[in-house]
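One structure below.
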Amino acid sequence: MNGIYSLTNKHFLKLIISIGIFFLLSACGGGGGGDSDTQSDELPLELGLDGPGDTGGYFPLEVGNLWVFRGTSSSSSGSFDYHNTISINKTKNIDGFDALVLEETNSYGEGVFESYIFKDLNGIANLGSSDEGALGVQISKYWEGRFPLVVGESFVQLYRTGLNLGEDLDGDNINDSFDIRSVVKVIGFTDNKEVPVGIFNNVVHIRRNLNLDFILSDQPDKSVTAQEDAYFAADIGFLERSLSVTIDGVTENFLEQLAAYLVNGQSAGLNPVTNSVIADQVDLEEEVYYLFDVFSETD
C-alpha cells in the first residue's frame, strides 16, 4: 500500500502542476459560471471573442515579468522549505495564437515546468505545456480563468474521464487511467493580506477544488481530493497559493508566498546592480536584478 500511495501522490502532484502552473496568476471565476455543483461539462474554450477584459488589473501578463516565492511543504512525515520562481520570457505561436511562455522553476518543490498561456477579453486559456507525454497531450486547451471577477460565481475548469495516465501504477504492465474534475470559484475580496514582500489591500481570493480518480486495473481505485487557494493583488498578480492534497486520509500541504517581484517595471525585494554579471539575473533596461535581500544564503 505504501508503494502505491507514494506513486499516486507523485503523479497527482504532476497532474496539479500540469493543470495549475498558471493557476497562481489566473484562476479567476466568473464569465459563464453559476452553480458548478450541478454542472458536468467543462466550459468550452473559444478565443478572440468580445468580453469585459481584466478590468481590475489582477493578472499582469507581460514578457519580462518575474515572481519569486518562498515555499513550504508539510505532512505527517515532516516538512521542507524551497524556492520557486515564475517568469515570462518569450512567446510561442500555438494554433495561430501568440501564447506566453511561463517557466516555473520549482512548482510545489517538483522542478521546472513550462505552460503556454493566452489572455483575451474573456479570460486566460491554457494552450499546452512542456509535458509532451500522455498527461500534457490530454490536459490542455481549457480555461485557466474567466473574466470578470464575480464573487460567488464558479465554473467547471476541467471535466474529463477515461484519460490515459501513460504509466502503470499497480505493477501489472497495463497503463492505468484517470478521471478529473476541477471547479474554480471566486471566494471574495480582502484587505491587509500579508506576504513576505509586503501587505496588500483589495486582494481577490480564488479557490479551486479538484477530484481525481485513478482507475487501476489490478488494485482498488484511488480517489484523491485537493483544494488550492490563491490570492492576487491589482497590478502585481499573484501573492500566495496554498494546496492541500488528501490521499487515503493522508494529507500533504504546500504554501507558496511572494517574496519578490518585477512586474511591468515596478519591483520589490530585488536590488538593482549595474555592470555586474551573476547567476539567476534578470536583465531589464541595462540593470541587473539579484535576490540577495530575499534569500540571504544566495551566493
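Just a yes or no: is a residue in the range 93-115 without any contact (Cβ under 8 Å) to a residue 12 or more places away in the chain and either over 17 Å from residue 256 (Cβ atoms) or in contact with a Phe, Trp or Tyr (Cβ under 7 Å, 6 or more places away or on another chain) (or both)? Within the range 93-115 (the criterion being without any contact (Cβ under 8 Å) to a residue 12 or more places away in the chain and either over 17 Å from residue 256 (Cβ atoms) or in contact with a Phe, Trp or Tyr (Cβ under 7 Å, 6 or more places away or on another chain) (or both)), the answer is yes, since at least one residue qualifies. State which residue is farthest from residue 84 (Cα to Cα) when the search covers only the range 127-137 and only residues that are open to solvent by less than 50 Å² (accessible area, probe 1.4 Å) and modelled with pLDDT under 90. Ranking the candidates gives 134 first.
Restricted to the range 241-289, and to residues there that are at pLDDT below 75 and open to solvent by less than 40 Å² (accessible area, probe 1.4 Å), the residue that is nearest to residue 209 (Cα to Cα) is 282. Inspection of the range 145-164 identifies at least one residue that is of a type in the set (Gly, Ala, Ser), within 14 Å of the chain's Cα centre (by Cα) and buried (at least 20 other Cβ atoms within 10 Å of the Cβ). The residues of the range 98-113 that are in a strand (DSSP E or B) and surrounded by 16 or more Cβ atoms within 10 Å (Cβ to Cβ), listed by number, are 99, 100, 101, 102, 103, 104, 113. Considering 183, 156, the condition of being over 30 Å from residue 259 (Cβ atoms), hydrophobic (A, V, I, L, M, F, W, C) and in contact with a helix residue (DSSP H, G or I) (Cβ under 6 Å, 6 or more places away or on another chain) is satisfied by 156 alone. Scanning the range 57-66 for residues that are in contact with a Lys or Arg (Cβ under 8 Å, 6 or more places away or on another chain) and either surrounded by fewer than 18 Cβ atoms within 10 Å (Cβ to Cβ) or under 14 Å from residue 270 (Cβ atoms) (or both) yields one hit, 63.
Just one of the listed residues (189, 232, 214, 178) is part of a strand (DSSP E or B) and open to solvent by 50 Å² or more (accessible area, probe 1.4 Å), and it is 189.
In this structure, residue 69 does satisfy being assigned to a strand (DSSP E or B), in contact (Cβ under 8 Å) with a residue 60 or more places away in the chain, closer than 21 Å to residue 254 by Cα and open to solvent by less than 60 Å² (accessible area, probe 1.4 Å). Scanning the range 80-95 for residues that are in contact with a helix residue (DSSP H, G or I) (Cβ under 6 Å, 6 or more places away or on another chain), open to solvent by 20 Å² or more (accessible area, probe 1.4 Å) and not small (Gly, Ala, Ser) turns up nothing.
The values are calculated or read from the model by the stated rules, or taken from the named source; none is laboratory data. It should be emphasised that the depicted structure is a prediction, and the values quoted were computed from it without experimental measurement. Note that each Cβ is placed from the backbone with ideal geometry, even for glycine, and that neighbours are counted across all protein chains shown. Accessible surface areas use protein heavy atoms only, side chains included; no ligands, DNA or RNA. Shrake-Rupley method; radii C 1.70, N 1.55, O 1.52, S 1.80 Å.
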